[in-house]
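K.L.:
Before I ask anything, here is the structure I am working with.
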Amino acid sequence: MRPGGADLKRDDRRADTLSVTTITSEPAATVAPMPLPPPVILLDGVVKTFGANRALDDLRLSVPGGQITVLLGPNGAGKTTAIRTITGAFAPEAGTVRVFGLDPAVQGDEVRSRCGVVSAKPALYDRLSGLDNMRYSAELYGLGRGTAVDARIADAAARFGIDTALRDQVGGYSTGMKTRLALARSVLHRPELLLYDEPTSGLDPESSHAVLELIHEMTEDGSTVVMCTHLLLEAEGLADQVVVLQDGTNLVDGSPGELTKRYWPDAMVRLGADDPAALDALERAPGVIGYERADLTAVVRMDGPDRVPDLVFALTAAGARVTRVEPHEPTLEDLYFAVRQTSGRSRLGMVDGSAV
Amino acid sequence: MATAVVTPDRGVRSLNWGHIWTVARTDLKQLAQARDYWIPMLILGGIFFVFVPTVLLLTITQLGSVDAVSQLSQALEVLPERAQAAIQGDTEQARAGYALAVYLFAPVAVVVPITISTAVGAATIVGERERGTGEFLAHSPAGIREIFLGKLAASLLPGYATTIIGFGIYSLIVNTIVGPDVGGWFFPTSQWWVLMLWVVPPFLALTLSVVLRLSAKVKSTAAAQQASALVSLPLIMVAYSQATGSLYGGNTLAWYIGAIAWVLAIIALWRGVRVVTRGRLLGVADEQ
C-alpha cells in the first residue's frame with residue numbers, strides 16, 4: 001500500500017442512490033433505489049468571521065460516512081476553521097452545521113465525544129509520559145481508568161508503533177513519534193468521525209507515508225475520515241472525496257474520478273517519440289482536440305480512445321521511433337490547479353479552463 | 001439558511017465532576033514534574049511558616065531578648081481589648097511569644113497561598129494555548145465550565161495544600177517553642193481554624209477568579225504573570241487586613257468576613273467562567 005500511488009486508489013463509491021437486488025426463488029428483481037443514509041457532516045451556508053476576516057464564507061460541505069474526504073486548499077483557505085466548526089469549538093455566525101444529525105454548537109459535548117481530532121500540532125503534554133497523555137484522553141472521553149483501559153491504550157499504541165515509548169516523557173519524543181501518539185490517542189475511544197488537520201505537518205517523507213497508510217487503514221473499520229492538507233501528493237490515491245477550499249468557500253467537491261471527468265472530459269494519451277517534428281504533426285491529426293509537448297513526450301487530448309492506434313500509426317509512418325504510449329491520467333495536482341484556475345482564484349490568473 | 005448565533009457550551013448541562021477532577025489531576029501531575037515550579041513554592045512556604053516564626057519565637061522566648069520583648073509588649077497595646085484579654089502567659093516573655101504566634105503571623109496564612117496559586121493559575125489557560133494543548137481540550141467532550149473548574153482546582157490546591165501543611169508545621173513549632181511558657185499546647189486557636197478553613201479559601205478563590213480571567217485573555221504566560229502580580233497585590237492587602245481583623249475581632253466577625261468573601265468569590269467565579277471559551281483555548285481572540 002502506498003499513499004500517493006495507484007495502489008491506494010479506491011473505487012469511486014460516490015453515487016446518488018444504491019440499487020438493491022433481492023434474492024428469491026423468482027428471477028432476481030431490482031427494487032426501487034434506496035436513498036443513501038444522511039451525510040455524517042453537513043455544512044450549509046456556514047459563515048464564520050474573525051474581526052474583518054471572513055474565515056468561512058457560505059461554506060457548503062457534505063461528508064458521506066465511511067469514506068476519506070480530503071479538504072484541499074492553500075493556507076488560510078478555511079480548512080482548520082471548518083474542522084473547528086464541525087466539532088463545535090467555533091459557533092458559526094450564519095448557516096447550519098449538522099454532525100451525526102446534531103448541532104455541534106448546542107450538542108457539542110455529544111458530537112465531540114464521537115470525534116477523534118488530530119491537529120497540525122500534536123497537542124500533547126510534554127511533561128507527561130505517552131501513557132499519561134493517553135490516560136488523560138481516555139478519562140475525558142469517558143473510558144475511565146484501570147487495567148482494561150491500559151490494555152486498550154497499549155493496543156492503540158501498538159497499532160501506531162509507539163508502544164515501546166509509552167512510558168517515556170513526551171518531551172523527548174521526535175516529531176514523528178508525537179504524531180503517532182496523537183493518532184493513537186485520536187482512535188482510543190473508537191470514534192465514528194476522525195478529523196485530521198494536516199497530520200503529517202513537520203514529518204519526514206517516510207513518517208508521512210506511514211501516517212497516511214494508517215489513516216487509510218482507519219476507514220476499513222467503518223470510520224469516516226476528514227483530512228485537511230495543502231500537500232496534494234498526500235491526498236493522491238487516499239481521497240474518496242476531494243473538496244477544494246479557497247477563501248472559506250467550497251470551490252468544488254466530488255470524487256477524484258468524477259472531478260477528473262468534469263475537468264478533462266476527453267481521452268488523453270501520453271506519446272513519446274524520438275522525432276519532435278513527427279510528434280508536433282499529431283496536433284493536426286483527425287480527432288485531436290489538444291496537444292502539448294515537453295521535450296520528446298507529448299500529451300494529446302482526443303475525441304475518443306480509439307484514436308490512439310491512428311496516432312501511433314501516424315508517428316511510425318513519419319519515420320519516428322515510438323518510445324512511449326500510455327493513457328494520461330491527470331493527477332490531483334493537475335485537478336487542483338485546474339479548479340483554482342477555472343474559479344479565477346489562482347495566483348496564476350484566469351485561464352479558459354481547458355487543461356491538457 | 002441562517003441560525004441564531006449560539007455560543008458553545010452555554011447550554012444548561014449538569015457538571016461532570018469526573019472531567020473536572022481529570023483536568024485538575026493532569027495539571028497537578030504536570031506541576032509535580034516541574035521542579036522549577038514547586039521548589040520555589042516549598043521555599044516560600046518554608047520561609048513564612050518555618051524559618052521566620054522559628055527565628056522570631058526563639059529570639060523572644062529562648063534568647064530572652066529584652067529589647068524585642070519590650071517592643072513587642074508595646075505593640076500589643078494597640079490590639080483590640082478582646083485580643084489582649086485572650087493572650088495567655090504569666091511572664092511578659094510568654095505573653096509576647098503567645099501574641100506573636102497567634103496574632104502577628106496571620107498574613108502568612110494569606111500571602112503564601114495567594115502567591116503560589118497566582119503563580120500557578122496565571123499560566124494555566126494561556127499555557128495550554130502556548131503549548132498547543134488547548135487544541136486537544138477544545139475538541140474534547142469536557143465542558144468549558146468543567147475545564148475552568150478543573151483549572152481552578154489545579155491552581156487552588158497547590159497554594160492551599162502548601163498552606164495547610166505549612167500551618168501544621170507552624171502549629172508544631174509554636175507549640176514546641178511557646179507552649180511550655182503558656183501552659184501547654186495552645187495552637188491553633190479557634191480563630192485560626194476559622195481563618196484557615198473559612199476565611200482563606202474564598203479569598204484564594206476570589207483572587208484566582210481574576211487570575212484565570214487574565215490567563216484566558218492575555219497572549220502569553222509572561223503577560224499573564226505580570227498582570228496577575230499587579231492584580232493579586234491589592235487582593236493580598238485586602239485579604240491580609242480581613243484575615244487580621246478576623247483574628248482580632250473574634251469568631252463572629254471572622255464568620256461574617258468569610259461569608260462575604262464566599263459570596264464575592266462565587267460571583268467572581270461565575271463571571272470568570274464566561275471568559276473562558278474554546279476559541280480562547282485555541283488562541284483565537286475574537287471568538288466570543
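K.L.:
Along Cα→Cβ, 7 Å out, is where each label goes; now give me the distance between the ones at A:ASP155 and B:SER70 in nm to one decimal.
P.N.:
Going from the A:ASP155 label point to the B:SER70 one covers 8.1 nm.
K.L.:
Let me ask something else about it. Once label points are set 7 Å from the Cα along Cα→Cβ at both A:GLU220 and A:ASP275, what is their separation, rounded to one decimal in nm?
P.N.:
With each label placed 7 Å out from Cα toward Cβ, I get 5.1 nm.
K.L.:
Ok, one more. Please compute the average number of Cβ atoms from other chains found within 10 Å of each residue's Cβ in peptide A:123-129. The partial results should precede the final answer.
P.N.:
Values: counts 10, 4, 9, 5, 7, 4, 2.
Taking all residues of A:123-129 together, the mean is 6.
K.L.:
Taking H as built 1.01 Å from N, whose amide H comes closer than 5 Å to the amide H of A:ASP58, not counting residues under 5 places away?
P.N.:
A:VAL46, A:VAL47, A:LYS48
K.L.:
Could I ask something else about it? Give the angle, between 0 and 90 degrees and rounded to the nearest 10, that separates the Cα long axis of helix A:175-187 from the longest principal axis of the Cα atoms of chain A.
P.N.:
Roughly 70 degrees between the two axes.
K.L.:
Then there is this: Want the number for B:THR176 to B:GLN62: 0.36 nm per residue separation, take away the alpha-carbon distance, what's left?
P.N.:
39.9 nm
K.L.:
Connecting C-alpha atoms closer than 10 Å in a GNM of chain A, tell me which of A:ALA82, A:ALA318, A:ALA91 has the biggest fluctuation.
P.N.:
A:ALA318
K.L.:
To the nearest 10 degrees, how steep is helix B:106-131 against the longest Cα principal axis of chain B, on a 0 to 90 scale?
P.N.:
Result, in degrees: 20.
K.L.:
Cut-off 10 angstrom, C-alpha nodes, Gaussian network model of chain A. Which of A:VAL46, A:VAL269, A:VAL243 fluctuates the most?
P.N.:
Of the options given, A:VAL269 has the highest mean-square fluctuation.
K.L.:
Just to confirm the number: angle between the C-alpha axis of helix B:144-177 and the first principal axis of chain B, 0 to 90 degrees, nearest 10?
P.N.:
10
K.L.:
Related question: Over all residues in A:76-85, what is the mean tally of Cβ atoms on other chains that come within 10 Å of each residue's Cβ?
P.N.:
Partner Cβ neighbours, averaged per residue: 1.
K.L.:
What value, in deg cm²/dmol to 500, does the helix sum -39500 (n - 2.57) over DSSP H runs of n ≥ 4 give at 222 nm once divided by the residues of the protein assembly as shown? Working shown, then result.
P.N.:
On the way: 25 runs with 318 residues, N = 644.
That comes out to -15500 deg cm²/dmol.
K.L.:
Mean-square fluctuation check for chain B, GNM, Cα pairs under 10 Å: which of B:GLY183, B:GLY159, B:GLY258 is largest?
P.N.:
With Cα springs under 10 Å in chain B, the top fluctuation among B:GLY183, B:GLY159, B:GLY258 is at B:GLY183.
K.L.:
Specify the longest stretch of chain A that does not include any exposed loop site, a site being one of the trypsin sites (Lys or Arg not before Pro) with a non-H, G, I, E, B DSSP assignment and at most 12 other Cβ atoms within 10 Å.
P.N.:
For trypsin sites (Lys or Arg not before Pro) (loop position, at most 12 other Cβ atoms within 10 Å), the longest site-free span of chain A is A:168-320.
K.L.:
Right, something else. How big is the protein assembly as shown along each principal axis, measuring the range of its Cα positions in Å and listing the largest first?
P.N.:
Largest to smallest, the principal-axis extents are 126, 54, 52 Å.
K.L.:
Where q = 0.15 Å⁻¹, what log10 of I(q)/I(0) comes from the Debye formula for chain A, counting one point per Cα?
P.N.:
These q points yield log10 I(q)/I(0) values of -1.25.
K.L.:
With N set to the residue count of region B:2-282, report its C-alpha Rg divided by 2.2 N^0.38 Å to two decimal places.
P.N.:
Rounded to two decimals, the normalised Rg is 1.15.
K.L.:
Using modelled amide H (1.01 Å from N, peptide plane; none on Pro or chain starts), what sits under 5 Å from the amide H of A:VAL117, excluding residues fewer than 5 places away?
P.N.:
HN-HN under 5 Å from A:VAL117: A:LEU195.
K.L.:
Which of the GluC sites (Glu not before Pro) across region A:81-165 are loop residues per DSSP, with 16 or fewer other Cβ within 10 Å?
P.N.:
A:GLU93
K.L.:
If we sort B:210-217, B:161-168, A:308-315 on the protection proxy, mean other Cβ atoms within 10 Å, highest first, what's the order?
P.N.:
Highest mean packing first, the order is B:210-217, B:161-168, A:308-315.
K.L.:
Sticking with this one: At what distance in nm do the modelled label points of A:ALA148 and A:ALA52 sit from each other, each positioned 7 Å from its Cα along Cα→Cβ?
P.N.:
Going by the 7 Å Cα→Cβ label model, 5.6 nm.
K.L.:
Counting only other chains, and only Cβ atoms inside 10 Å, what mean value do you get across the residues of A:39-52?
P.N.:
For this peptide, the per-residue mean of nearby foreign Cβ atoms is 1.
Each value in this text was obtained by applying a stated rule to the coordinates, not by laboratory testing. Everything quoted here is computed from the prediction, not taken from an experiment. We place every Cβ from the backbone using ideal geometry, glycine too, and count neighbours over all the protein chains shown.
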